[in-house]
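Notes for the one structure printed next.
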Amino acid sequence: MVQPMLSSVRDALYWAPPWLSGVAVLLIAVICALAVHRIIFFMFDRAFGERHPFLRALIRQSKGPLALALVAFALAAALQSAPFPEAVSAPVGRLLLIAFIVLAGWIAHIAVETGGRIYLYRFTVETADSLLARKHITQVRILKRALHTLIVVVTISAVLTTFDPVRQYGVSLFASAGVAGLVVGLAARPLLTNLIAGIQIATTQPIRIDDQVVVENESGRIEEITSTYVVVRLWDLRRLIVPLTLFIEKPFQNWTRDSTNLIGTVILYVDFTAPVEAIRARFMEIVQSSKLWDGQVAKLQVTDSKESSIELRALASARSAADAFDLRCDIREQLVAFLQKEHPTALPHARAESLRPDTPEARQDAAPGTREDTRRDGERQARTAAP
């Protein structure tokens, strides 16, 4: 329907120079494309309403790129009716085709971002137990990055195939895919390995956003998961950059895999005469009065005995790793203060006791001029006279 109209406009301007009639045809094509865009936008906005939030948000977010894509498409179609020479219409048509491909990739990028944002709208990580929210946030972020990478690769490939030399080179490369495929595969191995590892992490989820982990002997939280690496925020605000493949190929600790609750451990070494029951009672008072305790686990036991002390292990559970760490510090500090104030003799100390029995015979032997002194003098003289 548009082609005959543009041809009639060109015929009506037979008296004008060719370039003027060609510009007029292109202007009419642009006006028609903008009018169609306006009508489509109005109809979709009225039809979807609140029932389809994804499509409604997609139309609104891609309003500008969609208008440009329609204009590029209309100009490419109008070039067939415009009286321009082949030397002008061919490169302009190729540029319009490239612009249309890039705009289509842009719209696909907006669609992925809009879909991810709408899907995550109902989840939040501000709740006390955010396992479900962190699970979906991790999946969506990793899949979004993978889709963005795929969109970029497909868009660039589509743009390059518009050039005949590149298309012929691609065909010849595909025909000789034996050696070339091996070379390309070896060159792209790190990228492909990390991309596959990212998809595997998104599906199996050994880690999630905001998980508390211990990796490479460092404790921290998963701050960001990209398409090639993971950013771990350490306890002192340093950032540890770890490749994605490490979480697939090597063991690591995940403290919040199934639950954020953790059990904290406090070890104390006290003397054998320490009143264990009194220490246990004080421990229960400390735990029950703390807001960090989740009310699940609280226990103090004698777990070992050494030459000069016994080992007390106190267990207390908390809602998160940070609460467990603070609770351990409070328990340790208050128990040490309790022992210093109430039972100072229960703290570890070294004993020095006499090995000689305290008897009248022993005291007589130890007096000057006794048999002991005579025996010592004889031994000393014998050592002196020895060659």
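The values are calculated or read from the model by the stated rules, or taken from the named source; none is laboratory data. Keep in mind it's a predicted model, so treat the numbers as computed, not measured. Cβ sites come from the backbone with ideal geometry, for glycine too, and all protein chains shown count toward neighbours. Areas reflect the complete protein model, heavy atoms only, side chains present, ligands, DNA and RNA absent. Shrake-Rupley method; radii C 1.70, N 1.55, O 1.52, S 1.80 Å.
Since only Gln288, Ala321, Val242 are under comparison, the one whose Cα sits farthest along the positive direction of the charge dipole of the range 227-321, derived from C-beta charges on Lys, Arg, Asp and Glu, is Val242.
Calculate, for the range 188-298, the solvent-accessible area per residue in square angstrom, rolling a 1.4 angstrom probe over the heavy atoms of the protein chains.
On a per-residue basis, 54 Å².
Peptide packing: for 265-275, 218-228, the average count of neighbouring Cβ atoms within 10 Å per residue gives the ranking 218-228, 265-275, highest mean first. State which entries of Lys144/Lys291; Lys306/Lys341; Lys250/Lys299 exceed 29 angstrom in Cα-Cα distance in the structure shown. Over 29 Å apart, Cα to Cα: Lys144/Lys291; Lys250/Lys299.
Beyond 15 Å, what share of the Cα-Cα pairs of the range 223-292 is found? Please give it as a whole percent. Value for the range 223-292: 73 percent of Cα pairs lie more than 15 Å apart.
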